[in-house]
């Protein structure tokens, strides 16, 4: 019997218009990448360039993730050299080829997460998907080691936009003229390694929720840093960040998120 990929739908709500989110997302990705890079590990950017295909425009990136300290000990013990270096052009691990895949499909919608099957999955597939809502204002959703008061939407107030802090019932208290949106992220994980399949897939899903929770809390709390930037500003910043990441990865201590054995 073949092992079917595990799928979670992570729904994260945020007090932004979608065009604002697009700028804030790119700014926050660049900043968060710096926080995860150093001591021979982290993110190496090989390509970051615009593309157009079949009438659709976007940004093509090819990144390499050096992740030895960021996986559980039981994986490090058995993982051969090269197995913990991931290429993010197709979410495929170069060592494991088709035996390891993480696919993240995202829709940004101007709603509060009310669309049930936004990715239009067939009925059988949708019935197996676990829906995972994220409340960026809830401290309970943040791991103790990840919590930073300056990145807490329940405490933060934006001087530029007059948004925040977000109270316990913020989603029901939004003013009619207040922006809101939802990022729907369908996370598909396939890991075919006998004896570790379910354990590793469950670990990855927990880490993806952790990453998206922390990221969207940062994105909101950094709004005064990126609000008003143009896409030209962001692209210029990305070029500078690419050079910084390579310098940071090759020196200093390992930084950022690490895995705890479970």
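Throughout, read-outs are computed from the coordinates displayed, never taken from laboratory work. None of the values given here were measured: they were computed from a predicted structure. Every residue, glycine as well, gets a Cβ built from its backbone with ideal geometry; the counts of neighbours run over all protein chains shown.
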Computed lengthening from residue 139 to residue 231, 0.36 nm per intervening residue step minus Cα-Cα distance: 30.0 nm
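Based on other C-beta atoms within 10 Å, arrange 101, 231 from fewest to most. Intermediate values should be presented prior to the final figure.
On the way: 101 17, 231 12.
Final ranking by Cβ density, sparse to dense: 231, 101.
Multiply the residue separation of residue 159 and residue 207 by 0.36 nm, subtract the distance between their alpha-carbon atoms, and state the gained length in nm to one decimal. List each step's numbers first, then the result.
Working: separation 48, 0.36 × 48 = 17.28 nm, distance 3.18 nm.
Full-extension gain reported as 14.1 nm.
Could you tell me the convex hull volume per residue, in Å³, taken over the Cα atoms of the stretch 191-240? Mind showing how you got there, number by number?
Values: hull volume 5.1 nm³, N = 50.
Hull volume over Cα atoms, normalised by residue count, gives 103 Å³.
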If 120, 152, 224 are placed from fewest to most neighbouring beta carbons inside 10 Å, the sequence is 120, 224, 152
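Suppose the chain between residue 243 and residue 197 were pulled fully straight at 0.36 nm per residue; how much longer would it get relative to their current alpha carbon spacing?
Numbers: separation 46, 0.36 × 46 = 16.56 nm, distance 3.63 nm.
That pair, residue 243 and residue 197, stretches by 12.9 nm at full extension.
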